[in-house]
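K.L.:
My structure is below; once you've seen it, I'll send some questions.
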Amino acid sequence: MRSWRTSQPESFEQMFSIKHVLADRQLNFLVVVNVLVMATAIAWVGTQFVNTYSLQSMAAQVPELGLLAIGVMLAMISGNGGIDLSGIALANLSGIVAALVVPFWASSDDAPLIYTVSFGTVALGVGLVGGLINGLLISRAGLTPIIATLGTGLAFTGLGVVLTNGSALKLGYIEPLDTFGNAPVFGVPICFSVFIAIAALIGVGLRFSPFGVRLYLLGSNAKAARYAGFASRRILLVTYTVCGLLASVAGFIIAARISSLKWDYGSSYVLIAILIVVMAGVRPDGGYGRIICVVLSATALQLLSSMFNFLDISNFFRDCAWGLLLLIFLAVSRIDLGGWLSRRT
């Protein structure tokens with residue numbers, strides 16, 4: 001049984017000391033991966049890969065995947081085989097419902113700012129409801145997370161198909177919405193800044209809030225959490241509700257970035273989000289996960305995906321590559337290299 005000490009939050013001094021950072025093998029591994037992917041891309045593609053426009057374009061694409069990956073991470077930390085497979089389906093549904101409902105009281109032509117704020121509010125409301133449904137099914141009905149979120153993901157997708165008749169919704173050019181999704185401030189896309197702010201907020205909450213401590217303990221040792229008197233059902237409900245909210249923010253960013261919505265957008269995002277989380281060192285059996293590693297993992301995969309785009313590599317090959325990488329990292333995570341080397345020596 002894993003010790004609870006391995007999951008305890010560190011102090012600020014411990015987190016940011018040079019010795020602590022250098023001893024963090026997962027963090028160093030992800031930094032090296034980012035550097036290697038960047039160097040390989042520059043060698044194959046050229047310096048155009050790192051010009052201002054390319055870097056801003058890549059940064060604008062990270063948030064939608066990164067937010068979904070953070071939701072998967074939170075579900076995994078909670079333990080009991082926790083995972084959220086409904087993220088991209090709920091993200092698409094949030095944008096679709098907002099695009100269909102908001103025009104009844106706000107015009108994108110006459111009041112674009114009110115339209116944008118209303119769009120985001122409705123999208124967050126849909127994400128809140130979807131997350132609550134997942135949380136209730138898992139915490140109250142006792143369903144296995146992977147089954148519950150697979151079912152709700154299919155339901156969200158089906159509802160999106162019914163509402164749009166299977167067609168895409170075109171939003172057109174809405175200045176405040178387009179600015180949020182694509183415009184940079186001081187050279188950094190706004191949506192990327194929002195993603196970093198959300199990631200930092202969740203990271204601090206996980207490390208230093210009572211809820212974060214209890215979530216880590218629940219995932220590390222559910223029996224100990226129960227004997228400690230923690231409200232396990234409430235923790236699971238809040239966790240999956242937050243996952244739903246993160247998915248709705250991703251849906252809003254998708255709508256802002258590409259100015260259109262479709263029920264099957266990002267069909268491979270579930271696989272990629274899980275790959276990001278596993279690559280970040282989050283334990284599928286619960287009790288451990290770090291936001292900074294998830295952010296670095298999402299960045300590495302975005303760099304790799306952008307390199308594939310520059311090299312005009314088929315999407316089918318990319319999906320195959322993501323699947324192979326996921327299998328490799330899952331296999332490696334099961335191997336105790338330190339123990340194996342000590343036995344060999």
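The values are calculated or read from the model by the stated rules, or taken from the named source; none is laboratory data. Everything quoted here is computed from the prediction, not taken from an experiment. Ideal geometry is used to build each Cβ from the backbone, glycine not excepted, and the neighbour counts take in all protein chains shown.
K.L.:
Going by what's in this entry, would I96 be described as in contact with a Phe, Trp or Tyr (Cβ under 8 Å, 6 or more places away or on another chain) and in a helix (DSSP H, G or I)?
P.N.:
Taking the combined requirement at face value, the residue satisfies it.
K.L.:
Let me ask you something else. List, please: which pairs have Cβ atoms under 6 Å, are six or more places apart or on different chains, and start with a residue in the range 102-113 that is farther than 15 Å from S259 by Cβ and end with one that is β-branched (V, I, T) and surrounded by 12 or more Cβ atoms within 10 Å (Cβ to Cβ)?
P.N.:
Matching pairs, first to second residue: A106/I114.
K.L.:
Restricting to helices (runs of 4 or more DSSP H) lying wholly in the range 245-345: which have 3 or more residues that are modelled with pLDDT of 85 or more?
P.N.:
269-279, 291-310
K.L.:
Of everything in the range 306-333 that's under 20 Å from the mean Cα position of the chain (by Cα) and of a type in the set (D, E, K, R), which residue is nearest to Y265 (Cα to Cα)?
P.N.:
D319
K.L.:
Do we find that F211 is over 16 Å from the mean Cα position of the chain (by Cα) and outside any helix (DSSP H, G or I) in this structure?
P.N.:
Judged against the criteria, F211 is not a match.
K.L.:
Can V62 be described as among the β-branched types (V, I, T) and either closer than 30 Å to I292 by Cβ or without any contact (Cβ under 8 Å) to a residue 12 or more places away in the chain (or both)? Reasoning before the result, please.
P.N.:
Numbers: among the β-branched types (V, I, T): yes; either closer than 30 Å to I292 by Cβ or without any contact (Cβ under 8 Å) to a residue 12 or more places away in the chain (or both): yes.
Yes, satisfied.
K.L.:
Another one. Provide a single number: the residues in the range 137-165 that are of a type in the set (A, V, I, L, M) and either at positive phi or touching a helix residue (DSSP H, G or I) at 6+ places or on another chain (Cβ under 7 Å) (or both).
P.N.:
Residues in the range 137-165 being of a type in the set (A, V, I, L, M) and either at positive phi or touching a helix residue (DSSP H, G or I) at 6+ places or on another chain (Cβ under 7 Å) (or both): 6 in total.
K.L.:
Take the residues of the range 224-252 that are more than 18 Å from the chain's Cα centre (by Cα) and hydroxyl-bearing (S, T, Y): which is surrounded by the fewest Cβ atoms within 10 Å (Cβ to Cβ)?
P.N.:
The extreme case among them is Y227.
K.L.:
What number of residues in the range 100-120 are among the hydroxyl-bearing types (S, T, Y) and loosely packed, with under 13 Cβ neighbours inside 10 Å?
P.N.:
1
K.L.:
Give the range 276-312 a look and list any residue that's farther than 19 Å from F195 by Cα and of a type in the set (K, R), or say none.
P.N.:
R283
K.L.:
So, one more: Within the range 141-174, can you find the residues that are surrounded by fewer than 18 Cβ atoms within 10 Å (Cβ to Cβ), among the hydroxyl-bearing types (S, T, Y) and in contact with a Gly (Cβ under 9 Å, 6 or more places away or on another chain)?
P.N.:
Residue satisfying the conditions is T144 alone.
K.L.:
List the number of the failed condition for N221; all other conditions in (1) more than 24 Å from A148 (Cβ to Cβ); (2) crowded, with 20+ Cβ neighbours inside 10 Å; (3) modelled with pLDDT under 90; (4) not hydroxyl-bearing (S, T, Y) hold.
P.N.:
(1)
K.L.:
Condition test on G81, is it outside any helix (DSSP H, G or I), farther than 14 Å from L128 by Cα and touching a helix residue (DSSP H, G or I) at 6+ places or on another chain (Cβ under 8 Å)? Before the answer, list the steps.
P.N.:
Values: outside any helix (DSSP H, G or I): yes; farther than 14 Å from L128 by Cα: yes; touching a helix residue (DSSP H, G or I) at 6+ places or on another chain (Cβ under 8 Å): yes.
Here the answer is yes, as G81 does meet what is asked.
K.L.:
Can you find a residue that is under 22 Å from the mean Cα position of the chain (by Cα) and at pLDDT below 90 anywhere in the range 6-14?
P.N.:
Applying the first criterion (under 22 Å from the mean Cα position of the chain (by Cα)) to the range 6-14 yields 7, 9.
In the following step, the residues that additionally are at pLDDT below 90 were identified as 7, 9.
Scanning the range 6-14 turns up at least one residue that is under 22 Å from the mean Cα position of the chain (by Cα) and at pLDDT below 90.
K.L.:
Something else: Within 30 Å of G286 (Cα to Cα), part of a loop (DSSP other than H, G, I, E, B) and either hydrophobic (A, V, I, L, M, F, W, C) or without any contact (Cβ under 8 Å) to a residue 60 or more places away in the chain (or both) - does that describe any residue in the range 130-141?
P.N.:
Scanning the range 130-141, I find at least one residue that is within 30 Å of G286 (Cα to Cα), part of a loop (DSSP other than H, G, I, E, B) and either hydrophobic (A, V, I, L, M, F, W, C) or without any contact (Cβ under 8 Å) to a residue 60 or more places away in the chain (or both), so the answer is yes.
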